[in-house]
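The values are calculated or read from the model by the stated rules, or taken from the named source; none is laboratory data. Since we're looking at a predicted model, the values are computed, not measured. For neighbour counting, all protein chains shown are included, and Cβ atoms are generated from backbone atoms with ideal geometry for every residue, glycine included.
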């Protein structure tokens, strides 16, 4: 029986045969390098796997010190741990070990003090397991994560990864440009809670993410306006996709967020150019028609009445002829300001061409309310309008078409209001005339 087996048998109080059987087990089946050494780091026992890493039989290694087997660079790695073990401390660490015919192999190493019956340290035991493949896989994963983070941080889009509970797990540095908050302040937080805390109106995004979370969709797109910490509104477009695990459950959501503020504002400006009069800033004919059609839909669904007031200036042609088109433009802008000052907040004012204006009454379109508004408009336009080089007094003739009793058709309402306006002019100007004479034969409200 070996000296080591005798010592182990003495310490454990077990028959030597069982210890030898244990040593045989270590030699033949354990997928770990095992060695026992004394206070001089001299090997007393090594199993076959330990010996094979040096391509030598165990008998050639027993009796040698660890310092004889390893290069100085490797000794420098393990010497501090060896000293701690021989001082009585159990140690676990990872190291790149020297292995013959390789560039090195990663092992996880556990060192345990070996004590005699009195508790005095007389050596140590070492168990190391090869973790090279796992280490390589972890290193590949680390490199992949670094590459992903680099791509995320260098992408023109903001990349945000959410876990299954919609907590932010990763976030590109561009998030700071988007909302003014460093990524590290929102990683680990609920994206939806972050938006609620900031008072964001993000219902479309909430709905989109929850559809992915529930599995109802695998990808979607949504536009959301966000508030930057500097007070500006940032318009964003989110491209969201759900990632699932092997069981088909959503494990994470990847969102690519694009700042579309410039595009959105350009669209708004283009939209305004299409629907608004460039001179006065009022709605133009197209903008009026769109709103009128919406009001007619509301009337048909909910029986909400409306009124259309067609306004034509009296005496505008003389201003153009005497003072030029520049003066005429100034006068039209002043008329627009006066109309906006007397109508109610829900009423729409439009200039549909030349000196023709329209007021769309969407709420409380009763005969009394329209009569009152018509009177305010006539009085507002009676006062002289100043312009560069002079001033002129212009009045207005107003034709009104109401629905009901008029037809719920935009073209017909415009035609009826226009016809009533000409009736007002023929009747002496400066008055309100209704298209349906059963409402009011002719109401002069000056």
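Data for the structure
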read-out: Evaluation of residue 297 against (1) at pLDDT below 90; (2) in contact with a strand residue (DSSP E or B) (Cβ under 9 Å, 6 or more places away or on another chain); (3) in the same structural domain as residue 346 (by TED's automatic domain parsing) (one fails), failing number; value: (2)
read-out: Unique match (being surrounded by 16 or more Cβ atoms within 10 Å (Cβ to Cβ), in contact with a strand residue (DSSP E or B) (Cβ under 7 Å, 6 or more places away or on another chain) and within 14 Å of residue 38 (Cβ to Cβ)) among 86, 49; value: 86
read-out: Top-ranked residue in the range 52-63 [being surrounded by 16 or more Cβ atoms within 10 Å (Cβ to Cβ) and at pLDDT 90 or above; ranked as farthest from residue 104 (Cα to Cα)]; value: 62
read-out: Of the criteria (1) over 23 Å from residue 135 (Cβ atoms); (2) modelled with pLDDT under 90; (3) in contact with a strand residue (DSSP E or B) (Cβ under 8 Å, 6 or more places away or on another chain), which one residue 99 fails; value: (1)
read-out: Hey, residue 76 assigned to a helix (DSSP H, G or I) and exposed (fewer than 12 other Cβ atoms within 10 Å of the Cβ) or not; value: yes
read-out: Helices (runs of 4 or more DSSP H) wholly inside the range 175-288 containing at least 2 residues that are in contact with a helix residue (DSSP H, G or I) (Cβ under 9 Å, 6 or more places away or on another chain), surrounded by 12 or more Cβ atoms within 10 Å (Cβ to Cβ) and at pLDDT below 90; value: 175-179, 191-197, 203-214
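To keep it simple, each residue is scored yes or no on (1) touching a residue at least 40 places away in the same chain (Cβ under 8 Å); (2) over 16 Å from residue 147 (Cα atoms).
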{"residue": "161", "(1), (2)": "yes, no"}
{"residue": "167", "(1), (2)": "no, yes"}
{"residue": "173", "(1), (2)": "no, no"}
{"residue": "178", "(1), (2)": "yes, yes"}
{"residue": "181", "(1), (2)": "yes, yes"}
{"residue": "184", "(1), (2)": "no, yes"}
{"residue": "187", "(1), (2)": "no, yes"}
{"residue": "190", "(1), (2)": "no, yes"}
{"residue": "196", "(1), (2)": "no, yes"}
